[in-house]
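The values are calculated or read from the model by the stated rules, or taken from the named source; none is laboratory data. Every value quoted in this text rests on a predicted model; they were computed, and no experiment measured them. Here the Cβ positions follow ideal geometry from the backbone for every residue, glycine too, while neighbour counts run over all protein chains shown. Quick note on the areas: whole protein, heavy atoms, side chains included, nothing else; ligands and nucleic acids left out. Shrake-Rupley method; radii C 1.70, N 1.55, O 1.52, S 1.80 Å.
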Amino acid sequence: MAHRRILVLCLLFSTFGVSCTKSDHEQAPRLVQKVNNFIYEYMDEVYLWTAEMPRNIDRKYEFDSKDYFDKLLYKPEDKWSYITDDYEALSEGSEGVETTFGYSLAFGRFTGTDYYFGIIEYVYHNTPAEQAGLKRGDIIYKMNGSNIDANNYIRLYNDPSLSLQMGVLSDGGIGPGMTVNLIAVKMQLSAIIEEKVIEIEGHKIGYLFYSDFFGGSEEELSGVFQRFKAAGVDDVVLDLRYNLGGYGYVATHLASILAPANVVQAENVMITYQWNASYQAYWEQQKEYDRIRTLFDKRVPVNMDLNRVYVLTTYNTASASEFVITGLDPYMEVIKIGAATRGKYTGSILFQAEDKEIKNWGIQPIVERYANSLGVTNFKDGFTPDYAVTDLLMEGVRQLGDAQESFLAKALTLITGVSAPAVAAAPNTGSDFDVEESMNPRNDYFKGSVLRKTNYTP
C-alpha cells in the first residue's frame, strides 16, 4: 500500500472555482476531472468504508464533483463526510475563525405555513450580535423585509449584512418588533460563552458553557478550570447542549482536566480507533499506537480530580462532545441532563488538493470509528439522558448560567438537594407556531465528526 500523502493538514488556499455544463458523450472538463481524481485518490486510500465504495463509476464523465463525492459515500452509515470548494473557510472554521454575526440559532415554523422564525440559542462575545444587544431567546421574525423559509434561511449565516426584524412574544403568538442591522465580521471566536461559580448550601459548583471544540482553545479551557480550582469548586456542570464538536485533541484535554487524578497520571486509555483494514494493519505494524488509541494526558496544567461530572445535552451535543462523555464514562460518573445526544462516533481528517489549479477544493472523509476503553461504539441513537429536561428557548427562557434555567436548575438540585425557585409564568402564546430541529445548525459542515489534526506522513 502506498501511503503517499495521508494525514497531512495543508493550509494553502486559492479562490479558483470549477463549473461546467454537461453535453452528451462528452467527458467532463479537464479541471473537473482533476477534482474527481483528487477525490477518488484520497477516498480510495483513507476512507473508513473504502471496501464499500462503488468501483463502476467512470469519473471522467462526472460533471459535478460534489455529486461524484456523494456517490462514493457508504450510506446510510456515513452521514458526515464532507466536500468543499472553499477549503480556507472550512479549515479556518474548525479553528474558530469565521466571518460571522456571532449568534447560534434554532428555528421554529408558523403553524400552517412554510415560514420560519429564528430563535437565538446563545451569542458569542465581542461579535456584532452581542454589540447589537441580542441575547438568548430573542426571536428573528423576518430578514431584509422578507419572510424566512427553507430556501433562504441560510442567509442568516452567510450574508455580509442583514436587516433583522425581531419578533415579540405575546398572548396572540409572535408579532413584529424592532429592527436590528448587522454587518458580519471575520474574527476569532471564543468557545467560552459562560463560566461562573455558584454557591448553594455550602456547595461550590463550577458551571461552564462551552460552545465548540475549536482548535487551539485548550489554554482558554485550562484557564477556566484553574479559576474553578482556586475558588474551591467541588462539582462541575459542563454545558455542551449546542456543542457539535471539533478537534479530538481538545476533547482529550478537557477530559483530562475533569477525570480522576489517578486515571490521568496513569495515562489510562481513553479512546481506541478502528481505521479501514489497510490502515489499521499499517499502524499496528509500524507501532504507531497514537493512531489507534488516545490516552489521558497527564501534562494538563490543571486537574479537577472529580468522581462525577454533570453534562447538559441535546440533539446538538455531538461528535467531540460525545467523545468526552463516552471517554470519561468508564472512569467516573457522567450524569447526563437534557435530551439524547446526536450519535456521531467517527473521526475525520480534512485534506486539500495539492494541485495548484484546484487547491481551493478539500474533502473531509470519515477515516476512523472510535470506542471508549470498554469498547462502546456505534451509538447511532446517541446517549440517553439520565434526567430528561426540556430546553426552554421561548416561554420561560433564561440566560445561560442562570440558576433558574431549566437544565442548570436540574443539575443544581441534583448536587445540592435544594430545588431552584419557581420560574415566573410565561404568557399564553396559543398554538400558531412550533419549534423544530429540521434546519441545519450553524456551521454543521465542519463538525461532522471528531476531527484529527496531524502533520505525520508515512
When the stretch 388-404 is checked residue by residue, the ones that are open to solvent by 50 Å² or more (accessible area, probe 1.4 Å) and either in a loop (DSSP other than H, G, I, E, B) or at pLDDT below 95 (or both) are 390, 392, 395, 398, 399
*Hey, does the stretch 316-330 have a residue that's under 30 Å from residue 122 (Cα atoms), open to solvent by 10 Å² or more (accessible area, probe 1.4 Å) and not aromatic (Phe, Trp, Tyr)?*
yes
Filtering the stretch 273-321 down to residues that are within 25 Å of residue 385 (Cα to Cα) and part of a helix (DSSP H, G or I) yields 320, 321
When restricted to 191, 184, the only residue surrounded by 15 or more Cβ atoms within 10 Å (Cβ to Cβ), of a type in the set (A, V, I, L, M, F, W, C), closer than 20 Å to residue 300 by Cβ and touching a strand residue (DSSP E or B) at 6+ places or on another chain (Cβ under 6 Å) is 191
Taking the stretch 347-387 and keeping only residues that are open to solvent by 10 Å² or more (accessible area, probe 1.4 Å), outside any loop (DSSP other than H, G, I, E, B) and over 20 Å from residue 85 (Cβ atoms), one is left with 369, 371, 387
Can you find a residue in the stretch 101-119 that is in a loop (DSSP other than H, G, I, E, B), surrounded by 18 or more Cβ atoms within 10 Å (Cβ to Cβ) and modelled with pLDDT of 95 or more? yes
Selection over the stretch 322-346 where residues are touching a Leu at 6+ places or on another chain (Cβ under 9 Å) and part of a loop (DSSP other than H, G, I, E, B) yields a count of 6
Practice prompt. Take residue 167 and decide whether it is under 21 Å from the mean Cα position of the chain (by Cα) and surrounded by 20 or more Cβ atoms within 10 Å (Cβ to Cβ).
Written response: no
Expected output for the stretch 60-76 (first residue among the basic types (Lys, Arg), partner in a helix (DSSP H, G or I) and surrounded by 15 or more Cβ atoms within 10 Å (Cβ to Cβ), Cβ below 6 Å, 6+ apart or cross-chain) is 60/33
Mind checking whether some residue in the stretch 291-300 is modelled with pLDDT under 95 and surrounded by 19 or more Cβ atoms within 10 Å (Cβ to Cβ)?
yes
- Does residue 290 satisfy the condition of being closer than 20 Å to residue 376 by Cα, of a type in the set (Asp, Glu) and without any contact (Cβ under 8 Å) to a residue 24 or more places away in the chain? yes
When every residue in the stretch 45-77 that is charged (D, E, K, R) and assigned to a loop (DSSP other than H, G, I, E, B) is compared, the one surrounded by the most Cβ atoms within 10 Å (Cβ to Cβ) is 62
Practice task
Could you tell me whether the stretch 133-146 includes any residue that is in a loop (DSSP other than H, G, I, E, B) and touching a Ser or Thr at 6+ places or on another chain (Cβ under 8 Å)?
Solution key: yes
When restricted to 109, 30, 136, the only residue of a type in the set (Lys, Arg) and free of Cβ contacts under 8 Å to residues at least 12 places away in the same chain is 30
So, first residue of a type in the set (Lys, Arg) in the stretch 184-205, second residue open to solvent by 60 Å² or more (accessible area, probe 1.4 Å) and outside any strand (DSSP E or B), Cβ within less than 6 Å, six or more apart or across chains; the pairs are 204/234
Reported set for the stretch 133-159 where residues are within 24 Å of residue 210 (Cα to Cα), surrounded by fewer than 18 Cβ atoms within 10 Å (Cβ to Cβ) and at pLDDT 95 or above is 133, 135
